[in-house]
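The values are calculated or read from the model by the stated rules, or taken from the named source; none is laboratory data. Everything quoted here is computed from the prediction, not taken from an experiment. In this analysis, Cβ positions are derived from the backbone assuming ideal geometry, glycine residues included, and neighbour counts consider all displayed protein chains.
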Amino acid sequence: MDDIFAIPIDDKYLLYAPLHHLTALVNRPALAQLEASLQADAPAHPALQPLVDRLRAPGEPVPMARTGPLTDPLFLGIIPTRGCNMACRYCDFAAPKQSSPVMSLDLARDAVDAYFDLLAAAGQTRGEVHFFGGEPFCAETAVHFVVEYAAHRAAEHGIAMRFEATSNGLYPAARGQWIADHFDTLVLSLDGPAEIQNAHRPTPNGHDSFEIVARSAAIFSDAPIELVIRACITQETVGRMPEIAAWITHEFLPGSVCFETLTLSPLAEQHEMLPPDPWEFALNFDRAAQILGAHGIETVHSTASTRDCRATFCPVGRDALIVSPDGWVDACYLLHEDWERSGLNLRIGRLDSGRFAIHTDALQDVRALTVHARPLCADCFCRYHCAGGCHVNHDTRGRPGEYDALCVQTRLITLAGLLREIGQGELAAAWLEDRAACAVSAGQPSDRLSRIEAV
Ligand code: SF4
Ligand code: SF4
């Protein structure tokens, strides 16, 4: 009974058992019978018996923290620089990062060598390098070196490689083409058509960025690279999400579009930019997803993906090794001071003479940062997908059911997605239009079937 959830959708319930890969829409009497049958280990009504049988069968294991030696790192993360050539109006990183140091080629070589030595010693056959910033391609030489050298080391060891980067797209066409030719996945920040992009993401001297970034998006669209367009949505642009989606389908060929909401920061407040209302975001996300889906483009909100079950939302806890320009090895690409503000230490070691010197205790502490340690998430049906969200920016120390705006939008988008997966698209659309009904669904204090009082 433990990981079986039921969430009210109008006068019905969505039954969801993520570890059993089971989703069903049932009415209240059926839910009551089902619960009674599971509790008493008794037969159910014949119409419900297949559901009961599925739920009694073992599901996939509960996602837990990693244990044991570090032999299967999620990826090698490289932060070639924290500098950036944009001055996004909501990004507090911009100002201090303009003049950030660049990773030396010696350090870049050490990072790649240490990574391949680790993979080879563990007998791994796949490797991944992810680049973060700032804007990683501001340190073009370091990126070129890592890509070429990692490809060379991978060939030596017979390891299949993937390269991925998160980028702002503000560079000459030749650099865009090089990226398109050498990378497998590019996550491109592009907030919408010209007036939105230019208002959100100008250059440091106040110039428009749209033309150049759109040119990069067009280059990536014409290449075999997997393009992910990531759009930051604000209170002002939330109503335009369907229009942004339609515009993307006309202009570019991404594999997916990721809509994320603005994270409130002093700089964003200074520019009077606010996050959207969570219900409006969920409603417009669903509308945008229908438009993109009609063109074969997936729509993503990072905390609402039900693709797999996980114990932690992000690279943190999954043994990613993220190397910063000064040689520290961290579990997260944010700045040290950002974690500290949230009471976390995500530093797991250092590059030392061409090897990873990983602090075992620090690694175990980071691995322990799973959904099981996040009280707010204890009874939420999203616990094995969202898993509490960002460890740094989402405070999940509250009691179960004390959902904030991030939870509400995650819960609504996940519910709508699950309804659509079982062919209940019309119900999903109608339910999302009804703000009061959504408030009931999103606000249920515990989703666990065993704790639903109405049943
Ligand atoms: S309670 Fe909030 S943060 Fe936790 S899993 Fe649910 S939606 Fe995510
Ligand atoms: S803790 Fe937050 S910022 Fe750091 S890697 Fe995870 S999601 Fe990203």
Right, Arg175: in a helix (DSSP H, G or I), touching a residue at least 12 places away in the same chain (Cβ under 8 Å), surrounded by fewer than 20 Cβ atoms within 10 Å (Cβ to Cβ) and assigned by TED's automatic domain parsing to the domain that holds Glu260 or not?
-> yes
Quick check: anything in region 285-302 in contact (Cβ under 8 Å) with a residue 12 or more places away in the chain, within 14 Å of ligand 2 (Cβ to nearest atom) and among the small types (Gly, Ala, Ser)?
-> yes
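Return a yes/no flag: does region 106-129 have any residue that is outside the structural domain of Ala174 (by TED's automatic domain parsing), free of Cβ contacts under 8 Å to residues at least 12 places away in the same chain and of a type in the set (Gly, Ala, Ser).
Of region 106-129, the ones outside the structural domain of Ala174 (by TED's automatic domain parsing) are none.
Checking region 106-129: not a single residue is outside the structural domain of Ala174 (by TED's automatic domain parsing), free of Cβ contacts under 8 Å to residues at least 12 places away in the same chain and of a type in the set (Gly, Ala, Ser).
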Which one of these is of a type outside the set (D, E, K, R), over 24 Å from Glu260 (Cβ atoms) and in contact with a Leu (Cβ under 6 Å, 6 or more places away or on another chain): Gly354, Gly327?
-> Gly327
Looking only at region 309-332, count how many residues are more than 8 Å from ligand 2 (Cβ to nearest atom) and among the aromatic types (Phe, Trp, Tyr).
-> 1
Within region 437-447, is even one residue near ligand 1 (Cβ under 9 Å from one of its atoms) and either in a loop (DSSP other than H, G, I, E, B) or under 23 Å from Gly317 (Cβ atoms) (or both)?
-> yes
When the residues of region 318-347 are filtered to those that are surrounded by 18 or more Cβ atoms within 10 Å (Cβ to Cβ) and of a type in the set (Ser, Thr, Tyr), which remaining residue is nearest to ligand 1 (Cβ to nearest atom)?
-> Tyr333
Residues of region 218-241 classified as closer than 15 Å to Leu170 by Cα, surrounded by fewer than 22 Cβ atoms within 10 Å (Cβ to Cβ) and in contact with a strand residue (DSSP E or B) (Cβ under 9 Å, 6 or more places away or on another chain), total = 1
Check every one of the strands (runs of 3 or more DSSP E) wholly within region 1-95 and list those with 2 or more residues that are surrounded by fewer than 19 Cβ atoms within 10 Å (Cβ to Cβ) and at negative phi.
-> 22-27
For region 223-313, please list each of the helices (runs of 4 or more DSSP H) lying entirely inside it that holds at least 1 residues being out of contact with any Asp or Glu (no Cβ under 9 Å at 6 or more places or on another chain) and within 16 Å of ligand 1 (Cβ to nearest atom).
-> 278-293
Near pairs, Cβ below 7 angstrom, 6+ apart or cross-chain, from region 443-455 (farther than 16 Å from Ser37 by Cα and crowded, with 16+ Cβ neighbours inside 10 Å) to any residue that is at pLDDT 85 or above and of a type outside the set (A, V, I, L, M) | Gln444/Pro8; Ser446/Asp379; Ser446/Pro400; Ser446/Gly401; Asp447/Phe5; Asp447/Asp379; Asp447/Cys380; Asp447/Phe381
Counting just the residues of region 379-406 that are over 19 Å from the mean Cα position of the chain (by Cα) and without any contact (Cβ under 8 Å) to a residue 24 or more places away in the chain, which one comes out farthest from ligand 2 (Cβ to nearest atom)?
-> Gly398
Expected single match for closer than 30 Å to His271 by Cα and touching a residue at least 12 places away in the same chain (Cβ under 8 Å) among Gly133, Gly158 is Gly133
Taking the residues in region 333-343 that are in a loop (DSSP other than H, G, I, E, B) and more than 9 Å from ligand 2 (Cβ to nearest atom) as candidates, determine which candidate is farthest from Asp92 (Cα to Cα).
-> Gly343
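Out of region 344-377, which residues are in contact with a strand residue (DSSP E or B) (Cβ under 8 Å, 6 or more places away or on another chain) and more than 13 Å from ligand 2 (Cβ to nearest atom)?
Step one: list which residues in region 344-377 are in contact with a strand residue (DSSP E or B) (Cβ under 8 Å, 6 or more places away or on another chain), which gives 346-351, 356-359, 362-363, 366.
If the condition is that a residue be in contact with a strand residue (DSSP E or B) (Cβ under 8 Å, 6 or more places away or on another chain) and more than 13 Å from ligand 2 (Cβ to nearest atom), then Gly349, Arg350, Leu351, Phe356, Ala357, Ile358, His359, Ala362, Leu363 are the ones that fit.
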The residue that is farthest from ligand 1 (Cβ to nearest atom), considering only those in region 393-434 that are loosely packed, with under 14 Cβ neighbours inside 10 Å and in a helix (DSSP H, G or I), is Glu426
Residues being more than 8 Å from ligand 1 (Cβ to nearest atom) and surrounded by 22 or more Cβ atoms within 10 Å (Cβ to Cβ): count how many of those fall in region 371-392.
-> 1
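Could you identify the single residue in Asp117, Asp72, Asp113 that is touching a helix residue (DSSP H, G or I) at 6+ places or on another chain (Cβ under 8 Å) and either farther than 27 Å from Leu262 by Cα or at pLDDT 95 or above (or both)? Steps first, please.
Working: Asp117 fails: touching a helix residue (DSSP H, G or I) at 6+ places or on another chain (Cβ under 8 Å); Asp72 fails: touching a helix residue (DSSP H, G or I) at 6+ places or on another chain (Cβ under 8 Å).
Sole residue among the options that is touching a helix residue (DSSP H, G or I) at 6+ places or on another chain (Cβ under 8 Å) and either farther than 27 Å from Leu262 by Cα or at pLDDT 95 or above (or both): Asp113.
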